[in-house]
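Worksheet: one structure, shown below.
Read-outs: derived from the displayed coordinates by stated rules, not from any lab. Just so it is clear, the model here is predicted, and its values are computed rather than measured. Cβ placement follows ideal geometry from the backbone for every residue including glycine, while neighbour counts extend to all protein chains displayed.
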Amino acid sequence: MAMFSARARYDRAITVFSPDGRLFQVEYALETVKRGSTVLGIACPEGVVLAAEERTTSRLQDPNFSWKIFEIDEHVGAAISGLGSDARVLINQARIYAQSNKLTYDEPADIEVLSKRVGDVEQMYTQYGGIRPFGVSIIFGGIDKRGCKVLQTDPSGAVWAYKAASVGAGSETVKGILEKKYRDDLTLEQAILLAVECLSKVVEGKLEPEKIKIATIPAETKKMTYLSNGEIANYISMLES
């Protein structure tokens, strides 16, 4: 009972350090992310691939509404795992920054700076009383003057750069596949196939186009496009054959 009450002092709405250096509210937010849909990002010389597992709760749900992949600007997108409502706020912040940067400097926003801006907002919500951390992790993928980039933020506000990254319920499985099969010289088509293979291991039941969403940002055009269900079906067939 004494141990429980000691922990309870650091386990309330205000995020403060426990005696052993833990932030319980941030850890709870990370647990929310771990239960979310699996999303991933892959960077290669020919571009960036963002992919997500799409879960539907009802046959009546509009499958075109529950997107886990968002366009921030034409050269950068984001895949989210966790609370969609929290993600919406951060996605809007990222879009505002991207447009503000374009108006101010007349050039596309740097992917790393954009990700750090969102990370700053997430970190702020771990530091003040009366607010809670955002229960979402975001994988940003895009192309800027430094090349093809994939970066990840989490509820603590930390930001990491990756060649390929994954978050969500099936992220450990996906990371195992990526570590084994990722190569620095992947073509964009190979990266898409790798993303489909990763999601095939985590979706429930048979892999179908309606269960996953994929977006690409080719280095040649630097413009984000979503793959149609027909295109995804072709990649699934290629993987199965």
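Table for the structure above
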{"quantity": "27 Å Cα-Cα threshold exceeded, pairs from 34/201; 102/180; 180/206; 149/213; 201/222", "calculated": "102/180; 201/222"}
{"quantity": "Residue 54 long-range amide H proximity, modeled H, under 5 Å", "calculated": "212, 213"}
{"quantity": "Residues whose placed amide H lies under 5 Å from that of residue 219, excluding near-sequence neighbours", "calculated": "47, 48"}
{"quantity": "Footprinting exposure proxy for 236, 139, 111 (fewest neighbouring C-beta atoms within 10 Å first)", "calculated": "236, 111, 139"}
{"quantity": "In degrees, nearest ten, helix 188-200 long axis to first principal axis of the chain (Cα)", "calculated": "50 degrees"}
{"quantity": "Computed over the range 155-241, Cα set: Rg, Dmax in Å", "calculated": "13.6, 42"}
{"quantity": "The chain - Rg and Dmax from Cα coordinates, angstrom", "calculated": "18.6, 62"}
{"quantity": "Mean residue ellipticity (222 nm) of the chain, computed from DSSP H runs ≥ 4 via -39,500 (n - 2.57), nearest 500", "calculated": "-12000 deg cm²/dmol"}
